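Taking it in order: structure first as structure tokens, then the write-up.
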Amino acid sequence: MIETGHLVKLRKELHSYPETAGQERSTAERLRRFISAFNPDRVVTGLGGNGIAFVFKGQEEGKKLLFRADLDALPIKEISHLEYRSVYSDRAHLCGHDGHMTILAGLAEALDSNRPLKGEITLLFQPSEETGEGAALVLNDPAFAEINEPDYVFALHNLPGYPHKSIIINDDIFSSASVGLTVCLHGKSSHAAEPSMGNSPVKALSGIIDALDRIQSDTSLFKDFALGTVVHINLGEKRFGTSPEYGEISMTLRAYRDEDIEVMKKEMIRAIKDICEKDGIRYEYEWIEEFLSLENHDFPVEIIRKAAAELDLETVEMKKPFKWSEDFSHFTKKYKGAMFGLGSGKDQPALHNPDYDFPDQILASGINMFLNIYRLINR
Ligand SMILES: [Zn+2]
Ligand SMILES: [Zn+2]
């Protein structure tokens, strides 16, 4: 039985003092202080920015496992009456990363009182998950090479809408690839009475929206699910005498498969080029927040299934990948591994909702899942 009282205290502290992507310095420091008490054999700091890892070594040869949690909060205002709500008005832990961190902190404590016999366990706290940058930053950081290459990598994400403590399993693809695209359009302003004397980007803008719609619904282009969503548009100013010079559109492309998102990217850029050239509009574009498709490997998924069964946790077998994205995908591209969901309650507000709060009653199940995964692999 895991005693979670002091872990709940840590979770609430992390919740009160959230830091967004790239800013997680005091969160990492809080974890360093908390986990150092559990005598890790090694601590590596400054990974990909504010990332921090704790290594627990076994006495005998065995498999090396890496468990990953995420450090960052969201730039969204929390709406709640919780005593421990965010002390800031512009950021909050609304994705439950405070809970994920606490689960790994609890795992560190369990490993201290029951030192691993075989292999090695690395607890990695990764920065900047929400922007899709952190995983790659950590993996490409020379300091990461100081950690022994893991044989297997695992991570979990809490999932509202599923029963408390249920384990949500996906073979093959866990979550989708996605990427943001911003296109800037430069025309020529003119008097609103004489738009033909200038060149407004309005037609190009609406042409791009139509193209996105046409491409995403052309099923002959894709092997699987693909979706494009316009997220922001900006055109001209509220000056009623002026036909605009500048326009901007941002959209998110997503697909279950990396190859489908590549097709979508290529088709969109071709369409934008055609539209703008035809209208004489100068344009530039930028790709932002690129996430790969998260592909789970067979053996790690089997281990997750066994670990859940041994703990008598209800499992939910997913038929399709999730449509959202996770940058843990970079880890399973490089190493064998898998991500699973941990149900955070059917009535729990959705991730990123302003009233979301990680339910502490699922902490112990998360810790036990990771412990069991280690034991099953290093029997
Ligand atoms: Zn999130
Ligand atoms: Zn998240």
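The values are calculated or read from the model by the stated rules, or taken from the named source; none is laboratory data. Keep in mind it's a predicted model, so treat the numbers as computed, not measured. Cβ: placed from backbone, ideal geometry, glycine included. Neighbour counts: every protein chain shown.
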What number goes with the only condition from (1) in contact with a helix residue (DSSP H, G or I) (Cβ under 6 Å, 6 or more places away or on another chain); (2) aliphatic (A, V, I, L, M); (3) assigned to a loop (DSSP other than H, G, I, E, B) that LEU94 does not pass?
(1)
Which residue out of LEU10, LEU94 is out of contact with any strand residue (DSSP E or B) (no Cβ under 9 Å at 6 or more places or on another chain) and surrounded by 17 or more Cβ atoms within 10 Å (Cβ to Cβ)?
LEU10
Take the conditions at pLDDT 95 or above and within 28 Å of ASP151 (Cα to Cα) and apply them to ARG11. Does it pass?
no
Give the residue, chosen from LYS203, LYS223, that is assigned by TED's automatic domain parsing to the domain that holds ILE272 and assigned to a helix (DSSP H, G or I).
LYS203
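Table: residues versus (1) modelled with pLDDT of 95 or more; (2) of a type in the set (A, V, I, L, M); (3) surrounded by fewer than 22 Cβ atoms within 10 Å (Cβ to Cβ).
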position	(1), (2), (3)
GLU284	yes, no, yes
LEU292	yes, yes, no
PHE322	yes, no, yes
PHE331	yes, no, no
LYS336	yes, no, yes
GLY343	yes, no, no
ASN353	yes, no, yes
PHE370	yes, no, no
Just need a number here: residues in segment 54-91 that are surrounded by fewer than 23 Cβ atoms within 10 Å (Cβ to Cβ), under 18 Å from PRO127 (Cα atoms) and away from ligand 2 (no atom under 16 Å from the Cβ).
1
Which residue out of ALA309, ALA255, ALA271 is closer than 29 Å to GLY345 by Cα and more than 24 Å from the chain's Cα centre (by Cα)?
ALA309
Among the residues of segment 344-379, the number that are in contact with a strand residue (DSSP E or B) (Cβ under 9 Å, 6 or more places away or on another chain) and hydrophobic (A, V, I, L, M, F, W, C) is 7
Give ARG68, ARG85 a once-over and let me know the one that is farther than 22 Å from PHE328 by Cα and of a type in the set (Lys, Arg).
ARG85
Limited to segment 113-144, what total is found for residues that are surrounded by fewer than 24 Cβ atoms within 10 Å (Cβ to Cβ), of a type in the set (D, E, K, R) and either within 12 Å of ligand 1 (Cβ to nearest atom) or within 25 Å of PRO359 (Cα to Cα) (or both)?
1
Hits in segment 12-40 - residues which are touching a Phe, Trp or Tyr at 6+ places or on another chain (Cβ under 6 Å) and of a type in the set (D, E, K, R):
LYS12
Would you mention how many residues in segment 80-110 are more than 19 Å from LEU7 (Cβ to Cβ) and β-branched (Val, Ile, Thr)?
1
Can you tell which of PRO150, PRO201, PRO195 is away from ligand 2 (no atom under 16 Å from the Cβ), more than 30 Å from CYS95 (Cβ to Cβ) and in contact with a Leu (Cβ under 8 Å, 6 or more places away or on another chain)?
PRO201
Determine the pairs where a residue that is more than 16 Å from ligand 1 (Cβ to nearest atom), located within segment 74-88, has a partner that is hydrophobic (A, V, I, L, M, F, W, C) with Cβ atoms under 7 Å apart, the partner being 6 or more residues away or on another chain.
none
Check segment 27-49 and report whether any residue there is within 16 Å of ligand 2 (Cβ to nearest atom) and outside any helix (DSSP H, G or I).
no
The listed residue being aliphatic (A, V, I, L, M) and either in contact with a Pro (Cβ under 9 Å, 6 or more places away or on another chain) or buried (at least 17 other Cβ atoms within 10 Å of the Cβ) (or both), out of ALA37, ALA105
ALA105
Looking at (1) touching a residue at least 24 places away in the same chain (Cβ under 8 Å); (2) closer than 18 Å to ARG32 by Cβ, which is the one condition that is false for GLY99?
(2)
